[in-house]
1. Under a point spin-label approximation (7 Å from Cα along Cα-to-Cβ), what is the Q18-E34 distance to one decimal in nm?
2. Just the projected area, averaged over all directions, of the convex hull on the alpha carbon atoms of region 30-69: how many nm²?
3. How large is ³J(HN,Hα), in whole Hz, for each residue of region 12-20 in order, when computed from phi with the Karplus curve 6.51 cos²θ - 1.76 cosθ + 1.60 and θ = phi - 60°, using x for Gly and Pro?
Amino acid sequence: MKHGRGARVPAQDVAANQHLVKMGLRFNSSLIAETGQAASPHDIATILGFGASAICPISVHNRVITDFV
């Protein structure tokens, strides 16, 4: 995240999903939600339900980078 900018909310992924559907491009693309806001199974299910193809939790991603790279 750049300094001075807030975190992107998963609701913006919904807008991207709807735009791709209207353009007829949704099935030719994948939306991967990178978020630090998914804290429960309900959050994960909601993000997937709103159109994300996959979720990359930032805390898990950072742990892998620090432990295995």
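No value in this document is a laboratory result; all are computed from the given coordinates. What you see is a predicted model, and the numbers here were worked out from it, not measured in a lab. Counting neighbours? That spans all protein chains shown, and the Cβs are built from the backbone with ideal geometry, glycine included.
1. 2.5
2. If you wrap the Cα atoms of region 30-69 in a convex hull and average its projections, you get 3.0 nm².
3. 5, 5, 4, 5, 5, 4, 5, 5, 5
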